Amino acid sequence: MKKGYILVIIVFGLTILSACSKTVAAEPTITPTLLPELQFTETSAPTAEPARFPMVYQDEAANIQLSYPEGWALEPAQVIGDRGSQAALLSPGSSLESVAEGGSRIVLTTYQWDPKNDLSAFVAQRKTAWEASGFKLLSEESFKLADDRSLVILVVETVEKTHVLFAFTNSGENYLQISGEGDLQVCREIVDTIQPVQ
């Protein structure tokens with residue numbers, strides 16, 4: 001009985017020792033595999049979509065240009081009174097007197113106004129006039145053109161609840177006011193193309 005007892009203790013001891021001993025796993029064998037040869041084909045760069053607004057209007061006096069959609073009518077600049085001139089961009093069906101359903105009208109007016117070369121004073125005067133007329137200012141943004149001139153863009157609501165977009169910049173020592181009516185999204189996209197004449 002003692003021999004059996006001793007044998008059980010030896011087997012139990014060996015089991016514990018084998019469990020506690022550090023086992024070293026065999027390193028896995030890496031078998032290289034050949035990948036199929038990669039084929040490269042040359043592709044041309046994606047082509048740009050045709051310009052959304054392919055037509056270009058230039059105002060030499062203001063030294064600006066902007067792009068507008070094909071099919072729109074251009075009313076060339078005409079003198080209005082003794083202190084300004086006016087040009088217009090009209091979507092199909094729109095006129096200087098009315099905006100077609102779903103259309104737009106953009107009027108570019110140059111004002112001779114004192115003080116000269118003070119865009120912020122001119123914009124402040126316009127805002128005062130709108131407020132006196134019951135217009136409500138909905139938004140105002142200011143940007144710098146490439147020639148470092150300021151471009152101020154505002155949206156107002158008239159007393160008739162119509163929304164109108166206005167953009168202002170210097171035209172030499174005078175002032176250029178751009179007003180957009182109708183589809184204001186299209187008007188804003190056109191205003192966003194304004195840059196100094198190339």
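The values are calculated or read from the model by the stated rules, or taken from the named source; none is laboratory data. These numbers were taken from a predicted model, which means no experiment stands behind them. With ideal geometry, Cβ positions are generated from the backbone for all residues, glycine too; neighbour counts draw on all protein chains shown.
Details
- Restricted to region 71-103, and to residues there that are touching a residue at least 24 places away in the same chain (Cβ under 8 Å) and closer than 17 Å to Val186 by Cα, the residue that is surrounded by the fewest Cβ atoms within 10 Å (Cβ to Cβ) is Gly102.
- Within region 68-111, considering residues that are assigned to a strand (DSSP E or B) and touching a Lys or Arg at 6+ places or on another chain (Cβ under 8 Å), the one modelled with the lowest pLDDT: Tyr111
- Matching residues, region 151-176, being touching a strand residue (DSSP E or B) at 6+ places or on another chain (Cβ under 6 Å), surrounded by fewer than 20 Cβ atoms within 10 Å (Cβ to Cβ) and not hydrophobic (A, V, I, L, M, F, W, C): Glu157, His163, Asn174
- For beta carbons closer than 8 Å, sequence separation of 6+ or different chains, a first residue in region 122-145 that is farther than 11 Å from Phe166 by Cβ and touching a residue at least 60 places away in the same chain (Cβ under 8 Å) and a second that is not in a helix (DSSP H, G or I) and not β-branched (Val, Ile, Thr), the qualifying pairs are Leu145/Leu151; Leu145/Gln195; Leu145/Pro196.
- Of all residues in region 160-198 being part of a loop (DSSP other than H, G, I, E, B) and touching a residue at least 12 places away in the same chain (Cβ under 8 Å), the one that is farthest from Tyr68 (Cα to Cα): Glu173
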